[in-house]
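Working notes for the structure below.
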Amino acid sequence: MSRPLPILVFGASGQQGGSVANALLRGKRPVRALVRDMSSAKARALAEAGAELVQGSFDDRASLQRAMEGVRGVFSVQPSSPTGEVTDEDEVRYGVAVADLAVESGVRHLVYSSGAAVGEEPTGVAHFDTKARIEAHIRTLPITWTIVRPATFMEMLTMPGFGLDEDRFTFFARPDQSMQFIAVEDIGRIVAAVFAGPERFGGQTFEIAGDALTGSELEALFSHAAGRPIAYARFADDVLAANPFLAKLTELMDEGPVAGHADLDALRRIEPDLKRFSQWLAGTGRDAFAKALGAKDGWAYNRA
Ligand SMILES: NC(=O)c1ccc[n+]([C@@H]2O[C@H](COP(=O)([O-])OP(=O)(O)OC[C@H]3O[C@@H](n4cnc5c(N)ncnc54)[C@H](OP(=O)(O)O)[C@@H]3O)[C@@H](O)[C@H]2O)c1
């Protein structure tokens with residue numbers, strides 16, 4: 001029996017691509033990963049896990065062409081301007097080039113990771129509207145495509161700056177407003193299921209998430225995990241007045257796009273093990289949460 005053709009994964013040394021590569025490899029499906037630096041620790045870990053590495057860059061069209069030779073599917077994700085490493089135009093150029101080359105290379109299935117806030121209308125947030133442009137281009141192409149729109153990553157919640165080190169948590173939602181989240185590892189689980197079913201998922205665009213929580217629910221889960229009260233609040237008005245980017249995202253929370261509208265029940269029928277935030281916090285996220293708290297050994301999960 002001939003070996004199945006690989007799936008080419010972009011960004012495999014990063015969060016989303018890493019999650020997709022791992023999920024495919026766990027399912028014994030061959031993975032080719034395009035990496036910029038073959039000798040980086042993450043690249044070596046991918047090779048050890050069974051991925052075939054190819055060296056290349058979004059900036060090097062010939063490397064993309066080589067990487068796509070003989071692959072069955074392509075997972076496409078691009079860096080965006082908040083990293084400071086690329087411009088918005090770079091993101092669009094990269095996403096369009098990957099999609100066009102997938103068509104030229106005869107790839108069967110292109111899966112593009114966009115963002116939950118992306119929709120019919122421009123949002124006014126540059127790195128969301130870039131993704132709308134890439135989506136629109138992909139829909140014009142003669143290829144089987146699927147667009148997934150991940151919700152806010154659970155991993156974002158333990159990043160510095162939201163107050164956990166001061167026993168509080170400040171975010172976009174009001175205490176009574178619900179917002180969706182996804183564990184990065186679950187992006188890979190869903191994308192692997194999508195690649196396994198091109199007939200079922202071809203031509204579809206859908207949001208992906210694993211949980212929906214109000215600010216008050218976040219407060220309860222963080223407090224339980226910390227073993228002490230973590231007070232939740234929406235960003236204060238003076239903070240929003242001083243930061244137009246946060247203010248815009250908060251406005252989009254109220255208008256809906258940032259809150260997310262994934263069909264969690266339908267997604268659990270595709271992948272039953274999608275993480276609730278409580279599970280993520282007690283498992284994959286516990287070290288990051290402990291670090292964010294500045295806690296040494298004083299939080300509840302360590303005492304379990
Ligand atoms: N929904 C959310 O909460 C959320 C949160 C964060 C990000 N995002 C979105 O997710 C996307 C980024 O995905 P991510 O967070 O998985 O990325 P990430 O963890 O920052 O990793 C970026 C990946 O892209 C690779 N890369 C960067 N420049 C490249 C180039 N020129 N050629 C080839 N590969 C290159 C990096 O490789 P190296 O190892 O070589 O650097 C790395 O593998 C962005 O579009 C962003 O808007 C969403």
Inset, instruction - Check region 125-137 and report whether any residue there is among the aliphatic types (A, V, I, L, M), at pLDDT 95 or above and under 12 Å from the mean Cα position of the chain (by Cα). - result: no
Inset, instruction - Just need a number here: residues in region 12-42 that are within 19 Å of the chain's Cα centre (by Cα) and buried (at least 19 other Cβ atoms within 10 Å of the Cβ). - result: 16
Legend entry - Every residue from region 258-272 that is among the hydrophobic types (A, V, I, L, M, F, W, C), in a loop (DSSP other than H, G, I, E, B) and within 10 Å of I208 (Cβ to Cβ): A262
Legend entry - Count of residues meeting criterion [assigned to a strand (DSSP E or B), within 16 Å of F162 (Cα to Cα) and out of contact with any Pro (no Cβ under 8 Å at 6 or more places or on another chain)] in region 206-243: 1
Legend entry - Residue check for A151: within 10 Å of the ligand (Cβ to nearest atom), of a type in the set (G, A, S) and under 20 Å from N243 (Cβ atoms): no
Inset, instruction - Among the residues of region 51-91, write down those that are touching a strand residue (DSSP E or B) at 6+ places or on another chain (Cβ under 7 Å), surrounded by fewer than 16 Cβ atoms within 10 Å (Cβ to Cβ) and not in a helix (DSSP H, G or I). - result: E52, Q55
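Given the criteria in contact with an Asp or Glu (Cβ under 9 Å, 6 or more places away or on another chain), assigned to a strand (DSSP E or B) and within 12 Å of the ligand (Cβ to nearest atom), does A43 qualify? Even if it seems obvious, please write down each step before you answer.
Numbers: in contact with an Asp or Glu (Cβ under 9 Å, 6 or more places away or on another chain): yes; assigned to a strand (DSSP E or B): no; within 12 Å of the ligand (Cβ to nearest atom): yes.
Against the criterion (in contact with an Asp or Glu (Cβ under 9 Å, 6 or more places away or on another chain), assigned to a strand (DSSP E or B) and within 12 Å of the ligand (Cβ to nearest atom)), A43 does not qualify.
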Inset, instruction - Go through (1) touching a residue at least 40 places away in the same chain (Cβ under 8 Å); (2) within 11 Å of the ligand (Cβ to nearest atom) one by one and return the number of the condition T83 breaks. - result: (1)
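The values are calculated or read from the model by the stated rules, or taken from the named source; none is laboratory data. Since this is a predicted model, take the numbers as computed values, not measurements. Glycine gets a Cβ as well: all are built from the backbone with ideal geometry, and neighbour counts include every protein chain shown.
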